[in-house]
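For reference, the structure is listed below as structure tokens.
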Amino acid sequence: MARVIDGNNLYYARVEFSTSQQIILSVRKRVGGTETTLATVTTPLVHVAGTFVRLRFEVVGSLLRAKVWPVGAGEPEWQVTATDSDLTAAGTIGVRSILSSANTNTSPQTRYDNFACANPQTWTVVRSVNAISKSHAAGTDVRLATPAVVAL
């Protein structure tokens, strides 16, 4: 989940393990308590009991994208992409699991490992504070020589 304001306002990527062992990936939003699927794909993956998958979910500006792949396999390209601008304010991140009442899989387990937030830093560039001015075209990339890394 990303940009979580509360239980009724958030974005999330959903990995669904169907009773036919299909793995379905979707990007969804909940705004004002109303849930909407923004994009979905039935992946070519087949779930086998005892196997694990990895999920990456990214929200940058209005771009939301997700991918899922088996542990031990190479990371694929983005599988689901959507754009949405309903939730623009900063919020929290998190994970959750649910078991649909329609799902008859026996004793499903959910485990989380290597949960991380890669939060890009943003700042405003102020020019000529010390009377030294260097040319830099508006809109071009600016980077720190040694970027700071902050742990959660």
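The values are calculated or read from the model by the stated rules, or taken from the named source; none is laboratory data. No experiment lies behind these values; they were computed from the predicted model shown. Note that each Cβ is placed from the backbone with ideal geometry, even for glycine, and that neighbours are counted across all protein chains shown. Calculation scope for accessible area: heavy atoms of the full protein, side chains included, ligands and nucleic acids excluded. Shrake-Rupley method; radii C 1.70, N 1.55, O 1.52, S 1.80 Å.
At a glance:
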| quantity | calculated |
| --- | --- |
| Residue ID - surrounded by the fewest Cβ atoms within 10 Å (Cβ to Cβ), chosen from residues in segment 37-53 that are without any contact (Cβ under 8 Å) to a residue 24 or more places away in the chain and within 12 Å of Leu25 (Cβ to Cβ) | Pro44 |
| Sole residue being hydroxyl-bearing (Ser, Thr, Tyr), more than 16 Å from Arg111 (Cα to Cα) and in a strand (DSSP E or B), chosen from Thr19, Thr36 | Thr36 |
| Residue match in segment 59-81 (condition: out of contact with any strand residue (DSSP E or B) (no Cβ under 6 Å at 6 or more places or on another chain), in contact (Cβ under 8 Å) with a residue 40 or more places away in the chain and either in a loop (DSSP other than H, G, I, E, B) or surrounded by 12 or more Cβ atoms within 10 Å (Cβ to Cβ) (or both)) | no |
| Checking Ser107 against (1) open to solvent by 90 Å² or more (accessible area, probe 1.4 Å); (2) closer than 28 Å to Ile5 by Cα; (3) at pLDDT below 80; (4) more than 14 Å from the chain's Cα centre (by Cα), the condition it does not meet | (2) |
